[in-house]
Each structure stands twice: as structure tokens, then as C-alpha cells.
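The values are calculated or read from the model by the stated rules, or taken from the named source; none is laboratory data. Here the structure is a predicted model, which means the values were calculated and not measured. Because the Cβ atoms are built from the backbone with ideal geometry, glycine has one as well, and the counts that use them run over all protein chains shown. Areas reflect the complete protein model, heavy atoms only, side chains present, ligands, DNA and RNA absent. Shrake-Rupley method; radii C 1.70, N 1.55, O 1.52, S 1.80 Å.
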Amino acid sequence: NAGVTQTPKFQVLKTGQSMTLQCAQDMNHEYMSWYRQDPGMGLRLIHYSVGAGITDQGEVPNGYNVSRSTTEDFPLRLLSAAPSQTSVYFCASSYDGYSWEQYFGPGTRLTVT
Amino acid sequence: GENVEQHPSTLSVQEGDSAVIKCTYSDSASNYFPWYKQELGKRPQLIIDIRSNVGEKKDQRIAVTLNKTAKHFSLHITETQPEDSAVYFCAAIVYNNNDMRFGAGTRLTVKP
């Protein structure tokens, strides 16, 4: 199993550009989530999904969109990048809402200039 | 929503000493408390977790304790080794809420 994969690993955007961060998992996990990690602030939940076709907002959803058309994929879209979105983004998945061990992807380091 | 505070933000110990990291949470309905370890440039990985029906859990040199009345939980690492150096995050969640909140992290340095 590849586990949780993310692409790209690094990305530089200009203010106002849009892009999609890709996330995929091959563990047949129902729950998937996106976090951003900023220095001194831990991991903050952006959006999550409890299954294909179902998504919901987390703690910091503004400026981001998600969709879940398949169990495996959970892309994160930045609509109009801002310097405040410079961060490291982690995708994670877990089997269901009870077991709760989250498996994280390797992360995407995004810089918005 | 849930608010998780974690202390200290940095911790330096000598190899072989014990390390303790503490977290408090605000939502008394929270019932799952994981701890993640993140080495420099790597992804977070679960090292231990505890559910609200248990007061303590051990796994070799690592233990977690939970005080539901006071709404705090702690990570204990005994006989620390240089490879324990990393950032440790606590988290809390209400089962079926799906919104996991993390503490800000503790950078642990184990000096040889």
C-alpha cells in the first residue's frame, strides 16, 4: 500500500492564482481531512469528508474548497491564493469516525508571494 | 468548538530523564485523545491514544494519563533517547463530531 499520497510536494503561487492540491489514499478509508500547519499553531482542520459525496467545514475553511467524488481522492482547491495561505498542508485519512487513528500524507509546502 | 492548550512549547531533557507534556481541553464531551509525533520535515504519526473510559495507557516507554474531571491529559516518556527528539502534538475530539482539534505542539530535545 502507498498509504496517503499528496502532490505536489512544493508549490509557489502568486497572489490571486488558483490551484488544486491532490490527495489520494489506497486504504479504503472513509474519513479524509485536510490540515494546515503553521509555526506555533499546530494542525488546524480545513475541511473533512466522512465518505464519497459528503464534505464539511473544519476550523479554518475560508478560501478553500473540497469535493469527494470517490473514496480514494480528496482534492483541496485554493480559489484565489493569498499570502496568508502560505503553509504546509497535510492530508490525512482514517478508517472511520471511531478508530480515529489518522494516517497523514507527506505534506505540501505552499508559498504564496 | 473544542479548544486544546498544550504546555510547554519547548522541553529540553538529558538522555535517560523523563519528559512530561500536558494538554487541557475545553469540551467535556471530548472522548478521544491522541498524541502524534512529528520529526523534522516528516509527517505526524500517532504514537499513543486514550479514550475517555480509560484513565491511563502504557506502551513501553510511553504513557498517557487522562483526568476527565480536570479536563487534562498528559504524555509521559521515560528513559528518553535522542531519537525521541521531535515535536509532539496532543489532540481531542468528540466521537461523531469529526472535528479534531490539535494543541500547538511541544518541541522536545533530548541531549545525549
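The alpha carbon gyration tensor of the range A:69-109 gives principal lengths a ≥ b ≥ c with a/c of 1.5 or higher and a/b greater than b/c, which makes the shape prolate.
One decimal place: the segment B:Thr78-B:Thr10 gains 22.8 nm when fully extended, by the rule 0.36 nm per residue minus the C-alpha distance.
Pairing chain B with chain A buries about 1800 Å² of accessible area. This figure sums both sides and uses a 1.4 Å probe. Are there any residues in the range B:32-52 with a reduction of at least 20 Å² in accessible surface when going from the isolated chain to the assembly of protein chains? Probe 1.4 Å, please list them by number. Residues meeting the cut-off: B:Tyr32, B:Tyr36, B:Gln38, B:Arg43, B:Pro44, B:Leu46, B:Arg51. Rolled with a 1.4 Å probe across the full set of protein chains, the surface gives A:Lys14 an accessible area near 130 Å². Spin-label pair B:Arg107-A:Glu30: with each label point 7 Å from Cα along the Cα-Cβ axis, the two points sit 4.0 nm from one another. Rounded to the nearest 20, the Cβ-based charge dipole of chain B about its Cα centre (Lys and Arg +1, Asp and Glu -1) stands at 120 debye. DSSP finds beta bridges in chain A, and of those with both partners inside it, around 90 percent are antiparallel. What figure in square angstrom, to the nearest 10, would you give for the accessible area of A:His29 with a 1.4 Å probe? My reading of the accessible area for A:His29 is about 10 Å².
Normalised by residue number, the volume inside the convex hull of the Cα atoms of chain A is 91 Å³ per residue.
What share of the DSSP beta bridges in the range B:4-112 is antiparallel, in percent to the nearest 5?
Taking every DSSP beta bridge with both residues in the range B:4-112, the antiparallel ones total about 90 percent.
Computed with a 1.4 Å probe over protein heavy atoms only, the accessible area of A:Met41 comes to about 90 Å².
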